[in-house]
Amino acid sequence: MKRIHKAHPELELELVAMKTTGDKILDKTLDQIGGKGLFVKELDRALREGEVDLCVHSLKDVPMELPEGLPLVAYSRRANARDALVLPPGCAALAPGAAIGTASPRRAVQLAALFPKNPVKAVRGNVLTRLEKLDGGEYGALVLAFAGLSRLHMTGRVSRVFSTDEMIPAAGQGILAIQGRAGERYGFLTEVDDDFSRRAALAERAFVAALDGGCTAPTAAYAEIWGGQLKLIGLYLPEGAEHPAVGTLVGDAEQPERIGIDLAMRLRCQV
C-alpha cells in the first residue's frame with residue numbers, strides 16, 4: 001500500500017479488516033493463521049461482492065484453481081523462499097530423536113531424508129502458537145517458511161536456513177499475490193508487480209496443477225530465472241510410492257507454464 005500510494009498519491013487506499021463467519025478476526029498475512037482455506041474463501045466473497053477491490057495472499061496458500069472472474073493481477077518481488085529450522089531457546093543443535101514439527105506433507109517427506117533419526121510430528125496453529133508449543137517442549141524443532149518469520153520480525157529464532165536443494169519450497173513460497181476482479185483496470189499495480197516473480201509463479205503453479213493440484217500428493221517446486229532461461233526444480237510423491245521423484249528442467253523463461261507442465265510429466269513417469 002505504501003509503494004502504491006507513493007507512486008499514485010491521488011488514490012485513496014484503505015486496509016479492510018476481514019472476519020470469518022465465526023467472527024474471529026484474522027491477520028491479513030496468511031502465513032500467520034490457521035484455517036487458510038476458509039479465509040481465502042472469505043476474501044473471494046468480499047472481492048466478488050465489492051466489499052474490497054483487491055486481496056493480498058501468500059501465494060503458496062492460493063488454490064491452483066482460481067474462482068472464475070477473480071484472477072491474480074500482480075506478484076510481489078519474491079522474498080527469501082527457503083524453509084528454516086527453528087530450535088528451542090538455548091539449543092545449538094537438533095537433538096537425536098527429537099520430534100520435528102510441521103503441518104506440511106512436502107516438508108515431512110524431505111525432512112525424513114535429511115534427518116532420518118528424527119521423527120516428524122504434525123503441528124497446527126499460527127506461527128506464534130507453534131513457537132509456544134516448541135518452547136513448551138512439545139517438539140525438538142519446527143520448520144517454517146523464512147519469509148513468514150521475516151514478516152513477523154522473528155528471524156532471530158532461525159537456527160538454520162535450508163538450501164533449495166535440501167528442502168524444495170512450496171510453489172509460490174515467498175511471493176505475495178494480488179487478486180482482483182476480471183475486467184477492471186489495475187495499471188497502478190505496476191509499482192508492485194515483479195516480472196521475475198510472475199514467471200516463477202506461473203512455472204511452479206503449472207507444475208503442481210499438472211500433478212492434480214497437489215491436493216493429495218506432496219509436491220514442491222522452485223524456479224530461478226537468469227539470462228532468459230528459467231530453471232525449475234520439482235518434487236512429487238504420489239500415493240503408494242516409497243521415494244519422491246525429483247527433477248530439474250531448464251527452458252525459455254518466456255514459456256514458464258510449458259516448463260512446469262513438461263517437468264510434471266517427466267516426474268509422473270518416474271514413479
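The table below lists the values:
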quantity	calculated
Residue in region 164-180 that is of a type in the set (S, T, Y) and farther than 18 Å from G247 by Cα present	no
Helices (runs of 4 or more DSSP H) wholly inside region 120-231 that include at least 2 residues being among the basic types (K, R)	127-135, 195-210
Number of the exception - L211 against (1) open to solvent by less than 20 Å² (accessible area, probe 1.4 Å); (2) at pLDDT 95 or above	(2)
Inter-residue pairs, beta-carbon under 7 Å, first under 21 Å from L43 (Cβ atoms) and open to solvent by 90 Å² or more (accessible area, probe 1.4 Å) and in region 5-21, second in a loop (DSSP other than H, G, I, E, B) and at pLDDT 90 or above, 6+ apart	L15/M1
Hits in region 100-134 (condition: aliphatic (A, V, I, L, M) and open to solvent by less than 20 Å² (accessible area, probe 1.4 Å))	I100, L111, V123, V127, L131, L134
Residue match in region 165-176 (condition: in contact (Cβ under 8 Å) with a residue 60 or more places away in the chain, of a type in the set (D, E) and either more than 12 Å from S76 (Cβ to Cβ) or out of contact with any helix residue (DSSP H, G or I) (no Cβ under 9 Å at 6 or more places or on another chain) (or both))	yes
Residue within region 78-96 that is modelled with pLDDT of 95 or more, open to solvent by 60 Å² or more (accessible area, probe 1.4 Å) and within 14 Å of the chain's Cα centre (by Cα) present	yes
Candidates A108, A95, filtered to the one that is assigned to a helix (DSSP H, G or I) and at negative phi	A108
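The values are calculated or read from the model by the stated rules, or taken from the named source; none is laboratory data. The model shown is predicted, which means the values in this text are computed figures rather than measured ones. Heads up, the Cβs are rebuilt from the backbone with ideal geometry, glycines too, and the neighbour counts pull from every protein chain shown. When the accessible area is computed, the model is the full protein with side chains, heavy atoms only, and any ligands, DNA or RNA have been set aside. Shrake-Rupley method; radii C 1.70, N 1.55, O 1.52, S 1.80 Å.
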